[in-house]
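Take a look at the structure below.
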Amino acid sequence: MLRILIIDDEEAAGNILKLLIEKFIPLEKDVCYCSNPQEALKLIISFKPTLIMLDIEMPNMNGFDFLNQALGYDFDVIFTTAFDQYAIKAIRFSALDYLLKPIDSVELQSAINRHIIKQQNQHA
């Protein structure tokens with residue numbers, strides 16, 4: 001089962017992404033949204049996401065800071081941001097994908113399908 005954690009300080013953007021995932025990803029999934037990266041660090045312990053949809057520019061802690069503090073956890077990351085200038089840095093963080101807002105449903109499906117295939121290969 002997919003366990004997707006959305007981390008985005010903009011509640012509207014997080015809710016839209018959650019709706020897109022629920023509409024376009026037909027597999028069994030548990031989707032959780034968190035607006036605060038500090039709270040998300042605590043949430044990953046209990047929720048155990050397989051995939052994190054991560055905004056970059058957030059107050060107090062950006063997406064890269066979040067990943068630096070979440071070392072040791074096993075999840076894929078798809079960055080979801082309105083800014084294209086972080087793409088190279090995202091690659092260095094081994095991002096599975098980098099989606100620009102507004103999120104395109106076809107690109108979202110493609111990115112999540114890569115995660116699904118990766119998960120299947122790891123458990124084969």
### Task
Determine the order of LEU67, LEU100 by accessible area, beginning with the largest, at a probe radius of 1.4 Å.
LEU100, LEU67
### Summary
Per the C-alpha gyration tensor (a ≥ b ≥ c, the square roots of its eigenvalues), the chain is rounded if a/c is under 1.5, else prolate if a/b beats b/c, else oblate; here it's rounded
### Task
May I ask which residue of MET58, ALA82, GLY72 lies farthest towards the positive end of the charge dipole of the chain, with charges of +1 (Lys, Arg) and -1 (Asp, Glu) on Cβ and the Cα centre as origin?
GLY72
### Query
Which residue, chosen from PHE93, HIS123, TYR33, occupies the Cα position most advanced towards the positive end of the dipole of the chain, where the dipole is computed from +1 (Lys, Arg) and -1 (Asp, Glu) charges on Cβ about the Cα centre?
HIS123
### Query
Which length gain, in nm to one decimal place, applies between ILE88 and LEU41 when the Cα-Cα distance is subtracted from 0.36 nm times their residue separation?
14.5 nm
### Query
Could you work out the helix-only [θ] at 222 nm for the chain, with each DSSP H run of four or more residues adding -39,500 (n - 2.57) and the total divided by the number of residues, to the nearest 500 deg cm²/dmol?
-13500 deg cm²/dmol
### Task
First select every other residue whose beta carbon is under 12 angstrom from the beta carbon of ASP76; then total the charges, Lys and Arg +1, Asp and Glu -1.
+1
### Summary
Once LYS29 and GLU11 are pulled to full extension, the length gained, defined as 0.36 nm per residue separation minus their Cα-Cα distance, is 4.4 nm
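The values are calculated or read from the model by the stated rules, or taken from the named source; none is laboratory data. Given the structure is predicted, the values throughout are model-derived calculations rather than measurements. So basically every Cβ, Gly included, is an ideal-geometry build from the backbone, and we count neighbours across all protein chains shown. All accessible areas refer to the heavy atoms of the entire protein, side chains included, with ligands and DNA or RNA removed. Shrake-Rupley method; radii C 1.70, N 1.55, O 1.52, S 1.80 Å.
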